[in-house]
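Asks: First the structure, which I've put down as structure tokens, then a few questions once you've had a look.
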2 protein chains.
Amino acid sequence: MQDVLDFLNANRDQAVEQLAQLLRIPSVSADSAFLPHMTAAAEFVHNALCEAGLDAEIIPTAGHSIVYGEWTKAEGEPTALIYGHYDVQPPDPLDLWTTPAFEPDVRDGCIWARGATDDKGQLWTHVLSVAAWLKAHGSLPVNVKFVIEGEEEVGSNNLDHFLESNKEKLKCDVAVVSDTSQYAPGMPAITYGLRGILACEVTLTGPNRDLHSGVFGGSVINPVNALCGLIGKLHDESGRIQVPGFYDDVKPLTDGERAEFASLPHDEAAYLADLGMSSVWGEHGFTTLERRWARPTCDVNGIFGGYTGEGPKTIVPSKATAKITCRLVPDQDPHALTEALRKFFEQNLPPGISMKFTTAHGGKPSIADLESPYMAAAKSAIEKGFGTAPVMIREGGSIPVVASFDQILGVDTLLLGWGQNSDNLHSPNEHFSIEDFHKGALASACLWSELAAG
Amino acid sequence: MQDVLDFLNANRDQAVEQLAQLLRIPSVSADSAFLPHMTAAAEFVHNALCEAGLDAEIIPTAGHSIVYGEWTKAEGEPTALIYGHYDVQPPDPLDLWTTPAFEPDVRDGCIWARGATDDKGQLWTHVLSVAAWLKAHGSLPVNVKFVIEGEEEVGSNNLDHFLESNKEKLKCDVAVVSDTSQYAPGMPAITYGLRGILACEVTLTGPNRDLHSGVFGGSVINPVNALCGLIGKLHDESGRIQVPGFYDDVKPLTDGERAEFASLPHDEAAYLADLGMSSVWGEHGFTTLERRWARPTCDVNGIFGGYTGEGPKTIVPSKATAKITCRLVPDQDPHALTEALRKFFEQNLPPGISMKFTTAHGGKPSIADLESPYMAAAKSAIEKGFGTAPVMIREGGSIPVVASFDQILGVDTLLLGWGQNSDNLHSPNEHFSIEDFHKGALASACLWSELAAG
């Protein structure tokens, strides 16, 4: 495959120029004023896939179109589904950009533009590698299917329907997504675990109206006090969540994972300084990275009840509400734990109060199989492309598309991060290192042969 | 003194007519559009005191004037300071009145108008009794000083300054106020105890901004969870407040008081039905009346923090605030307990969080000496005027003027209730029983001779 790598090395500048052309299209999905540019971006991507040698099409959805492209002539070989998105965040505030958001500028070893890293630049590494294989070699060692949507920055509302409706067409062995980051410069990362989520809202009602706290206080339950009592019971002194059964399905971190996390550079003092805090807090017995990536949480996101204006008001409030989310880790189940939480509140409810418990969205945690041949292929490909083995990390949030690929297509996702957290994703002066862009393309090119070899 | 009672009985209709004249003046202190009527009401009261035979004057304040009148020729006899107010609540909503708020109507044995009971009608019983003594008898058995303000319904902002500036002029042995209610029809009451109050606001700050709950959740303290934890610790399972020293100065109810309270009609089922609740709640070992009147409380009046809009938002909030008031009973000190509460929060604060604790107004609880000659005189006078001994009750709220009389003038206040809780104070269709109005005047007339006899 040296011919493929040679091709990429030889065409490095052209690759940057092609990316710059895409970055010049202001494909802001959130604002309907940009609609013609969304169409132009989809067409640009479609043309690039065709020129690379793929069968490609633009597929309309209820929102912005999905660009689909495939090359499936590697009979008997695995199929990789490559996901990315051609839409970008709005560029505001415009006056904070050094050079205009949609006039890509190359300086300091980076390309600067909205979408440079999220996700046009990272996505393009895979387009380039596939094109290089087909130009330099005439074929790919595996089958590839590209799904490139235009609504990632506005909630991917039409993606699941597309996946559901095209299960056969999208049949694959593994999904590949480069929309995350390296752990730090020079430390490309595979994000192999994500936390899930459950969300609920609890409203307690005491008296049927706000009462004079002098006349009635002491003789009736106060729903704010009661709600605080419930929430206060959620954690013990050591930060452990007290809902019965909450930890039953938590897959413990392996010694290997803990050692890997511990080996990562993490400056706790800088972390605290950024947050303006004097100390971290969390479940005893775990490090900050472990708490963020691999342990469940139960956070009140918002609370309100009674009088919230200026100064005092002497009432016993009628109602109090808390919005709560729990971040979940493999193999916790959002539905079962929502029910456990509801029961916990119900069983700890003081007399004289009524509870309304409503649930919002939930999402399963996910973890990719660290021992799978796909994971081994990705590690090896990155080591070849970047000259260093990737670090294996998790992330504390959710990436809905990973859950969709798991639940709808039944495949693991390889989250391969080429960008940096400091690339100003979603902020002014977004940029992407040209070196990382190029190494990402090399790693991607290697991935196809590694997957075939696996 | 039969001549005085005869006079009151003979002039019963004229008394109602004089009250109706005062009720026709829409003396709404809250609304500056009513200013001319405030002046008219002060003048009406001033004229009535002069006609009764008192030396009276209208004393300007920074707000509405105070009407002052005195008769101090009973050398060597006690001096009673009679407090009342000539201002009334706004009459809104107007369309709910059967007859207009400022066109007094006599029907069903009551006089209907804004201020009928609160406080023009109740106040007038004392004006009538003093006038009757002076007309029928030529003198009073005690000295009397009237302080009739025009700002009770808007916070009595200028009263304390007036009391402070006129300590010598207002020197007295006991204060008399009829601005409370009977316990029930046919059960005139002396309110001998009031709860005090302390008010504070607690704001906890965790991270310096709202954080993504996926990225950061579990590694930093959540100030809403932490605030709930603190508030949850305020009470134990039996409803006892856990702030160290909180109950140290609580004067226990005597067996006599508990027996008196227990003898009062109290329909717990009706109480709960009115509040829409299935059960009462409070400190174990006490009845509802005891909890409302004679036990301290710690209620959150309002709480807010994080996201309070619709739907979920996955953040770890930066801040959370609770507004808290404690109702206090004799001899708890608001300042000392505010400090105890602050310490309690401080000592239970989890690491990594900062607290801002601000205090608002405080007020001491009060209790009148049940064994004083003034109390004995009031009981006896009510028994003579109403034909039944008064019940001895407390109230759960505060009446600031009682604290002012105690702290500035150094006297107990006799809170003598002639009205009914069902008189629609502050609501449409306020009214006052003409029978209670008359009996109140008789009891007041008796009070002056009983005070002299004591």
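What follows is calculated from the coordinates using simple rules that are stated; it is not laboratory data. Bear in mind that the values here come from a model prediction, so they are computed numbers and not experimental data. A quick note on method: Cβ atoms are made from the backbone with ideal geometry, for glycine too, and the neighbour counts reach across all protein chains shown.
Asks: Per DSSP H run of at least 4 residues, take -39500 (n - 2.57); add these up for chain A, divide by its residues and hand me the 222 nm value, nearest 500 deg cm²/dmol.
Replies: -10500 deg cm²/dmol
Asks: Additional query: What size of dipole, in debye to the nearest 20, comes out for chain B about its Cα centre when the only charges are +1 on Lys and Arg C-beta atoms and -1 on Asp and Glu C-beta atoms?
Replies: 1400
Asks: Work out the P(r) tail for the protein assembly as shown: percent of alpha carbon pairs separated by more than 57 Å, whole number.
Replies: Considering the protein assembly as shown, 35 percent of its Cα-Cα pairs are separated by more than 57 Å.
Asks: Then there is this: Given N residues in the stretch B:150-246, what is Rg(Cα) / (2.2 N^0.38 Å)?
Replies: So the stretch B:150-246 has a normalised radius of gyration of 1.92.
Asks: Need one number: the % of Cα-Cα pairs in the stretch B:297-364 sitting beyond the 15 Å mark.
Replies: 63
Asks: Ok, one more. Limiting things to C-alpha atoms, what are the Rg and the maximum Cα-Cα separation (Dmax) for the stretch A:1-159, in angstroms?
Replies: According to the Cα coordinates of the stretch A:1-159, Rg and Dmax are 16.0, 53 Å.
Asks: Can you give the angle from 0 to 90° between the axis of helix A:434-453 and the longest principal axis of chain A, with both taken from C-alpha atoms, to the nearest 10?
Replies: Relative to chain A, helix A:434-453 is tipped by roughly 80 degrees.
Asks: I'm checking a number: the convex hull volume of the Cα atoms of the stretch B:257-332, normalised per residue, in Å³. What is it?
Replies: 148
Asks: In nm, one decimal, shortest first: how far is the label point of A:S279 (7 Å from Cα along Cα to beta carbon) from the matching points in the other copies?
Replies: 3.9
Asks: Can I ask one more? Measuring nothing but label to label, 7 Å from Cα along Cα→Cβ, what are B:T72's distances to the other copies in nm, shortest first?
Replies: Result for B:T72, in nm, nearest copy first: 10.6.
Asks: Scaled to the compact-protein estimate 2.2 N^0.38 Å, what is the alpha-carbon radius of gyration of the stretch B:1-47, rounded to two decimal places?
Replies: It is 1.53.
Asks: What whole-number distance in Å separates the alpha-carbon centres of the stretch A:1-37 and the stretch B:377-399?
Replies: Using only Cα atoms, the two centres lie 89 Å from each other.
Asks: Next question, about the same structure. Starting from a label point 7 Å past Cα on the Cβ side, list the distances from B:Q2 to the same position in the other copies, nm, shortest first.
Replies: Relative to the other copies, B:Q2 has label-point distances of 13.5 nm.
Asks: Quick one: of A:K251/A:K323; A:K323/A:K379; A:K135/A:K379; A:K343/B:K343; A:K343/B:K251; B:K145/B:K323, which pairs are farther than 32 Å apart, Cα to Cα?
Replies: Violating the 32 Å Cα-Cα cut-off are A:K323/A:K379; A:K343/B:K343; A:K343/B:K251; B:K145/B:K323.
Asks: Work out which GluC sites (Glu not before Pro) in chain B are exposed loop sites (DSSP not H, G, I, E or B, at most 15 other Cβ within 10 Å) and give the longest gap free of them.
Replies: B:76-167
Asks: Sticking with this one: Summing +1 for each Lys or Arg and -1 for each Asp or Glu, what net charge is found among the other residues whose Cβ lies under 11 Å from the Cβ of A:V215?
Replies: +2
Asks: Take A:T99, project a point 7 Å from its Cα along the Cβ direction, then tell me which residues of the stretch A:1-24 have their backbone nitrogen under 12 Å from it.
Replies: Taking a point 7 Å out along Cα→Cβ of A:T99, the residues of the stretch A:1-24 whose backbone N falls under 12 Å are A:17, A:20-21, A:24.
Asks: More than 21 angstrom separation, counting every C-alpha pair in the stretch B:258-385; what % is that?
Replies: Tail of the P(r) past 21 Å holds 64 percent of the pairs.
Asks: Roughly how many nanometres apart are two label points built 7 Å out from the Cα toward the Cβ at A:D31 and B:Q407?
Replies: The two pseudo-label positions are separated by 5.8 nm.
Asks: Still on this structure, please answer the following. Pick out, from B:P100, B:G121, B:H137, the residue whose Cα sits farthest towards the positive end of the charge dipole of the stretch B:91-192, with +1 on the Cβ of Lys and Arg and -1 on the Cβ of Asp and Glu.
Replies: B:H137
Asks: Still on this structure, please answer the following. How large is the charge dipole for the stretch B:149-275, taken about the Cα centre, if only the Cβ atoms of Lys, Arg (+1) and Asp, Glu (-1) carry charge, to the nearest 20 debye?
Replies: The calculated dipole for the stretch B:149-275 is roughly 540 debye.
Asks: When the expected Rg is taken as 2.2 N^0.38 Å, what fraction or multiple of it is the alpha-carbon Rg of chain A?
Replies: It is 1.11.
Asks: How far apart, in nm, are two points set 7 Å out from the Cα along the Cα-to-Cβ line at B:E43 and at B:T358?
Replies: Modelled inter-label distance: 4.4 nm.
Asks: Considering the dipole of chain A built from charges on the beta carbon (Lys and Arg +1, Asp and Glu -1) around the Cα centre, which of A:G419, A:V154, A:L349 is farthest to its positive end?
Replies: A:L349
Asks: Sticking with this structure for a sec: Across 5 Å bins from 0, what is the distribution of all Cα-Cα pair distances for the stretch B:174-303, in whole percents?
Replies: Spelled out per bin, shortest first, that is 2, 7, 13, 15, 16, 14, 10, 8, 6, 4, 3, 2, 1, 0.
Asks: Treating the angle as unsigned and between 0 and 90°, give the value, to the nearest 10°, between the Cα long axis of helix A:373-386 and the longest Cα principal axis of chain A.
Replies: 70
Asks: Multiply the residue separation of A:C50 and A:E17 by 0.36 nm, subtract the distance between their alpha-carbon atoms, and state the gained length in nm to one decimal.
Replies: Additional length available on full extension: 10.1 nm.
Asks: Computed over the Cα atoms of the stretch A:19-107, what is the ratio Rg over Rh, Rh following Kirkwood?
Replies: Across the stretch A:19-107, the Cα-based Rg/Rh ratio is 1.05.
Asks: Something else: Quick one: helix A:12-23 against the long Cα principal axis of chain A, what's the angle to the nearest 10°, folded into 0 to 90?
Replies: 50
Asks: Just name one of B:L289, B:C110, B:N9: the one whose Cα is farthest towards the positive end of the charge dipole of chain B (beta-carbon charges, Lys/Arg +1, Asp/Glu -1).
Replies: B:L289
Asks: What is the projected area of the convex hull of the Cα atoms of the stretch B:332-448, averaged over all directions, in nm²?
Replies: Directional mean of the projected Cα hull area for the stretch B:332-448 stands at 11.2 nm².
Asks: Right, next: Nearest 20 debye, what's the magnitude of the dipole of the protein assembly as shown about its Cα centre given +1 on Lys and Arg Cβ and -1 on Asp and Glu Cβ?
Replies: Charge dipole of the protein assembly as shown: 980 debye, to the nearest 20.
Asks: Name the chain A residue nearest the rotation axis between A and B, going by Cβ position, and give the distance in whole Å.
Replies: Residue and rounded Å distance to the axis: A:G232, 1.
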